[in-house]
Each structure stands twice: as structure tokens, then as C-alpha cells.
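Have a look at the structure below, then the notes.
The values are calculated or read from the model by the stated rules, or taken from the named source; none is laboratory data. Bear in mind the structure is a predicted one, so any value in this text is a computation, not a measurement. Positions of Cβ are backbone-derived with ideal geometry, glycine not excepted, and every protein chain shown enters the neighbour counts.
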Amino acid sequence: MNLTEINQTDQCLRFSCPERSVPTAVYVLLYVCAAAVVLLTVCGNLLIIISVCHFKQLHTPTNMLILSLAVSDCLVGVFVIPVSLIWMIESCWIFNAVYCVCFILMSYFLTNASIFNVALIAVDRYFALSNPFLYSNTLSVNIMCMVASCTWFGILFYNVALQYFNGYYASVMTCPGHCFLVLDEIWSLVDLLMSFVLPCAVIVILYVLVFVIAQKHATAIRELNAHTRVTDSMKSERKAAKVLGILVSVFLGCLFPYFIYTVLGSVTEIEMGSFQKVLLLVYLNSTINPVIYALFYSWFRKCVRLTLTLQIFNTDSALMSVL
């Protein structure tokens, strides 16, 4: 037995599946709550997808990025969150090793897609405010769709390379009962930089610059003594700042605990239950995003109302005003 096999054996012994001691009523309640989370994630993001795709008034470059984010979040709700919740409730990986490989690939790919879509939205907002004329003349819906598609393909290539060159597949097959990815030191650092440090730095820096630019615009309007416009502008800026601040805070709050674990050590050096919780928190960001849209964007609430009342099936409903 070589050193790698010894290490894998130690990992399996450390993560042996405990016997389930949860009462039946609590067990059923956990699955009901899990189903509610999955439905909220999938249905909430589906409503965003339907709204942006159906109503022509929402066919803007920025909304194409919101659509891309909603697609990634919806797929997280379909393929990742259900399996993760079952794993947590059962306290044991009950699926086979092949499905474990698929689950790891999907979870890394879709969560990274969600993270980079948020980063792209930050870039888009900064570009739109700092160079509004260049933005309107150069960026179209088709170009933004191409940017989003290239981002998805780039993330897929990165995640396949991450797991292939890390020698991951052999470690999964030798440890029944759990499904986890153990990165070596080099790939762990690469993944930390690519999946957290880089996109989060872009998001925080650009949103700070967005606030600064918005403040400069407000100051310029005040100097023109346009009282009504000042009032409307300030209200709009405060609302935009509030929504952006909440989005970024929730986003970082969901991701930060997981990457703290990444910095402290690999999954084999921490409690498996704790690791599952912080990993689930990353996935739940996909559940929270549509809730934030529903709370702070009137166009989304109007689109939801038109969709749920089936008015989108009326003739020329795609031309209806939702802004």
C-alpha cells in the first residue's frame, strides 16, 4: 500500500457514516424544508428567466447578465442543492461514486458560474456609469450574450482541468459513504485565487467605484441647482446603493466561510458536518438572489404578477411595459 492509499484510507476512517438517530417526525420535517428550499430556488430563478426572456422591454445588455446569473442559480437548485441537502440529512453519501464525480463537477462549475456572473454584473455597471456613451454604442444584447457564453465555457474548462490534473477521480472511488474533493496545496491556492480572491476583488473594487461615480453625479446635479432632479437622483442613488450593498454583502457572506475553510486547510482537516454547512451556505446564495430581486425591484414583482396570472399568454404581452 503506497502513501496515497494510506492517506485515502485515513480519510475514509475519519469520515465514517454515523448511524441516524433523528426522530421520524424531525426526519420528515427536514425533507419538507429541503423540498421548500429547492422549490424556492428553482421557481424564483425560473421567474427571472421567464421575465427577461419574454418581455422585450427587459432585453438589455445588463439583463442578459442577470439572465445568465439566474440560469446558473436555477441549475444549482436543480442539480446541486437537492443532493447536498440529502447528504446533510442522511449524514452519509448514499449515491454511488460515479454520481459523486458528476456532483463535484456540477457543483464547482455552477457555483463558479454564479460567482463570475456577479463579477460580470459589477464590470457592466462600472462601465455603464464611467463611459455611458461608449457603453451604449459598443455593447449590444448579442455581444453581452457572447461574453456570458464565453465565460461559461471558460469556467467549464477551468473546472475540468482543476479536477483532472489534481488526480481526483481515483480518490473518490476508494472512499464510500462520502463525496469530497481533496486539492493539493498548489491547486488549492489556484482555486482560492480563481474562485474567490479574483472575482470578489473585482466585485468590491468596482462597486466602490460605482458609488463614488454616483456621488459625483449627484454633486454635479446639485451645482446646477435643479432641485427636483436632485431629489429624484438622490433617492435613486440611495436605492441603488442599498440594493447593491445588500447583494454584495449577501454574496460575500455566503462565500466567505467556505473559503476560510479552504485557507485553514483541506476538507480532511475539519469536521465533515461543519464543512457541509459552509458548503450549503454557498449554494443557498442561489436561493437568496431572486428573493432580493423580489424585495427591491418593482419590474420583477410586476413580471411575476403577469406570469402567475397567465397574462404572458395574451397577444402582444411581450410588448407590455414592466418598468
- prompt: What pairs can you find where one residue is in the stretch 12-41 and modelled with pLDDT under 85, the other is aliphatic (A, V, I, L, M) and surrounded by 10 or more Cβ atoms within 10 Å (Cβ to Cβ), and their Cβ atoms are less than 6 Å apart, with a gap of 6+ or different chains?
  reply: 15/272
- request: Would you confirm whether any residue within the stretch 157-172 is modelled with pLDDT under 85, among the β-branched types (Val, Ile, Thr) and under 23 Å from residue 71 (Cα atoms)?
  value: yes
Filter pass, residue 39 being out of contact with any Lys or Arg (no Cβ under 6 Å at 6 or more places or on another chain) and crowded, with 18+ Cβ neighbours inside 10 Å: no
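State all residues of the stretch 68-83 that are hydrophobic (A, V, I, L, M, F, W, C) and crowded, with 22+ Cβ neighbours inside 10 Å; if no residue qualifies, say none.
Result: 69, 70, 74, 76, 80, 81.
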query: Any idea how many residues of the stretch 274-323 are crowded, with 17+ Cβ neighbours inside 10 Å, of a type in the set (Val, Ile, Thr) and over 30 Å from residue 257 (Cβ atoms)?
result: 3
statement: residue 86 passes all but one of the listed conditions (1) surrounded by fewer than 23 Cβ atoms within 10 Å (Cβ to Cβ); (2) farther than 20 Å from residue 35 by Cβ; (3) of a type outside the set (D, E, K, R); the exception is number (2)
- request: Identify all residues within the stretch 114-134 that are part of a helix (DSSP H, G or I) and free of Cβ contacts under 8 Å to residues at least 60 places away in the same chain; write none if there are none.
  value: 117, 120, 121, 127, 132, 133, 134
- prompt: So which of 149, 114 ends up being modelled with pLDDT of 85 or more, hydroxyl-bearing (Ser, Thr, Tyr), out of contact with any Pro (no Cβ under 6 Å at 6 or more places or on another chain) and under 20 Å from residue 289 (Cβ atoms)?
  reply: 114
Residues (under 30 Å from residue 53 (Cα atoms) and in contact with a Cys (Cβ under 7 Å, 6 or more places away or on another chain)) located in the stretch 68-103: 103
